[in-house]
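Right, one structure below, let's go through it.
The values are calculated or read from the model by the stated rules, or taken from the named source; none is laboratory data. Since this is a predicted model, take the numbers as computed values, not measurements. Note: ideal-geometry Cβ built from the backbone for every residue, glycine included; neighbour counts use all protein chains shown. To get the accessible areas, we keep the full protein, side chains included, count just its heavy atoms, and leave off ligands, DNA and RNA. Shrake-Rupley method; radii C 1.70, N 1.55, O 1.52, S 1.80 Å.
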Amino acid sequence: MTSNSPKLVDGMGRTIVNLRISVTDRCNFRCTYCMPADNVEFMERSNLLTFEEIHRIVTVVSKLGINRIRLTGGEPLMRKDLPSLIKMINEVEGINDIAMTTNAYFLKDQAQSLLDAGLKRLNVSLDALDPEKFRDVNRRDCLQSVLDGLDTARKVGFKSIKINAVAVRNFSETEIMGLIEMGRSEGFEIRFIEFMPLDSDKVWERDKVLFGHEIVDLIKEKFELVPVDNSLEIGPASEYTFADGKGKIGIITAVSNPFCDHCNRIRMTADGKLRTCLFSENEHNLKDLIRNGATDASIAEAIQQAVLIKEPGHKINLDDFKQPDRAMHAIGG
Ligand code: SAM
Ligand code: SF4
């Protein structure tokens with residue numbers, strides 16, 4: 001292997017370049033497709049990786065070829081002093097992209113310091129522009145705070161802001177056009193993500209998923225869409241531009257047409273468990289390795305071994321599918 005060879009290649013030949021780091025499992029929202037309404041059991045704070053521990057893991061994986069980091073949660077902006085972590089990660093050689101997924105509730109106050117710390121890209125979750133529907137799905141009455149957060153992020157100078165909307169049947173249909181109009185006028189790419197079986201309430205059913213092709217059909221009633229060539233090579237979304245040249249959308253068909261063959265990512269939970277798939281049944285405990293004094297070389301070796309047995313794909317569409325014990329907020333979406 002030459003020094004330029006990728007060092008994180010799985011058993012299927014997929015090269016891993018992308019690490020998603022959850023910084024907390026806590027959240028101020030209670031989205032129906034993610035968390036229960038109440039009585040959530042959160043991780044002990046002492047089990048959360050410290051910023052120094054996260055930085056160490058990022059340093060190790062950067063030498064294995066990972067160059068993209070996304071911070072997520074739970075709600076990442078609930079983790080105190082997140083800009084300090086971003087600054088630390090930004091200084092790691094080899095990391096050239098730091099992004100974050102957020103519900104944007106705290107973004108109004110933090111956007112400037114996040115940008116100053118080196119955060120490059122933002123994905124904001126927003127499922128509905130109708131305040132009542134927002135409240136129904138997020139179980140919080142705060143659409144305006146999210147819109148204010150988005151507005152501030154754009155004003156302080158974030159160049160890449162995407163909006164994530166989970167596509168749920170009998171809910172999202174009425175929201176799609178409003179989100180698209182907003183994206184086109186404000187310059188946000190809107191991404192629709194098929195509802196996946198990762199909800200704490202375990203109420204997911206295939207019938208509750210609004211499928212990507214149905215979303216495309218709905219949009220085509222009003223707009224001519226132009227598929228973006230080869231978009232699967234750079235990410236999970238099938239992307240489309242509008243024929244009038246104004247705006248872009250992405251459709252993530254995680255259920256109806258999984259992108260597992262192209263998957264280039266792994267995840268680390270807030271309590272330091274490496275997961276090689278959203279739907280992994282096994283985890284690799286990096287926190288214990290670190291806290292037991294492992295060397296960088298042995299941490300790297302553990303990550304390489306974990307990646308080697310990365311799942312070929314998820315099994316949502318197979319009879320032996322098993323929903324993971326962790327819900328989305330505790331994995332890190
Ligand atoms: N709290 C932040 C947020 O909501 O943006 C970050 C964490 S959240 C778990 C990350 C992403 O996962 C969000 O875009 C959310 O909409 C998405 N998500 C959560 N549960 C999901 C599910 N069951 N199916 C599809 N996407 C889901
Ligand atoms: Fe919180 Fe994000 Fe889950 Fe909604 S999707 S409950 S905002 S972690």
Hey, among Leu49, Leu64, which residue is at pLDDT 95 or above, more than 16 Å from ligand 1 (Cβ to nearest atom) and farther than 20 Å from Lys87 by Cα?
Leu64
Out of all the residues in the range 42-59, which are open to solvent by 10 Å² or more (accessible area, probe 1.4 Å) and within 19 Å of Asn18 (Cα to Cα)?
Phe51, Glu53, His55, Arg56, Thr59
Listing of helices (runs of 4 or more DSSP H) fully contained in the range 218-333 that carry 2 or more residues being free of Cβ contacts under 8 Å to residues at least 12 places away in the same chain and surrounded by fewer than 16 Cβ atoms within 10 Å (Cβ to Cβ):
296-308
Residue pairs within 8 Å by beta carbon, gap of at least six or interchain, first lying in the range 90-116 and in contact (Cβ under 8 Å) with a residue 60 or more places away in the chain and within 16 Å of ligand 2 (Cβ to nearest atom), second aromatic (Phe, Trp, Tyr) and open to solvent by less than 40 Å² (accessible area, probe 1.4 Å), listed first then second, are Asn103/Phe29; Tyr105/Phe29
Which of the helices (runs of 4 or more DSSP H) found entirely inside the range 32-125 contain at least 1 residues meeting this: of a type in the set (Val, Ile, Thr) and in contact with a strand residue (DSSP E or B) (Cβ under 8 Å, 6 or more places away or on another chain)?
51-62, 82-90
Mind checking which pairs have a first residue in the range 22-33 that is closer than 15 Å to Leu198 by Cα and a second that is in a loop (DSSP other than H, G, I, E, B) and within 7 Å of ligand 2 (Cβ to nearest atom), Cβ under 9 Å, 6 or more apart or different chains?
Asp25/Gly73; Asp25/Gly74; Cys31/Asn103
Among the residues of the range 157-174, what is the count of those that are over 18 Å from the mean Cα position of the chain (by Cα) and within 15 Å of ligand 2 (Cβ to nearest atom)?
2
Is one or more of the residues making up the range 128-145 farther than 20 Å from Phe192 by Cα, at pLDDT 95 or above, within 15 Å of ligand 2 (Cβ to nearest atom) and in a helix (DSSP H, G or I)?
yes
Scan Asp130, Asp141, Asp81, Asp109 and give me the residue that is open to solvent by 40 Å² or more (accessible area, probe 1.4 Å), in contact with a helix residue (DSSP H, G or I) (Cβ under 9 Å, 6 or more places away or on another chain) and under 30 Å from Gly293 (Cβ atoms).
Asp81
Check Gly183, Gly178, Gly149 and return the single one that is more than 30 Å from Gln323 (Cβ to Cβ), over 21 Å from the mean Cα position of the chain (by Cα) and either assigned to a loop (DSSP other than H, G, I, E, B) or at pLDDT 95 or above (or both).
Gly178
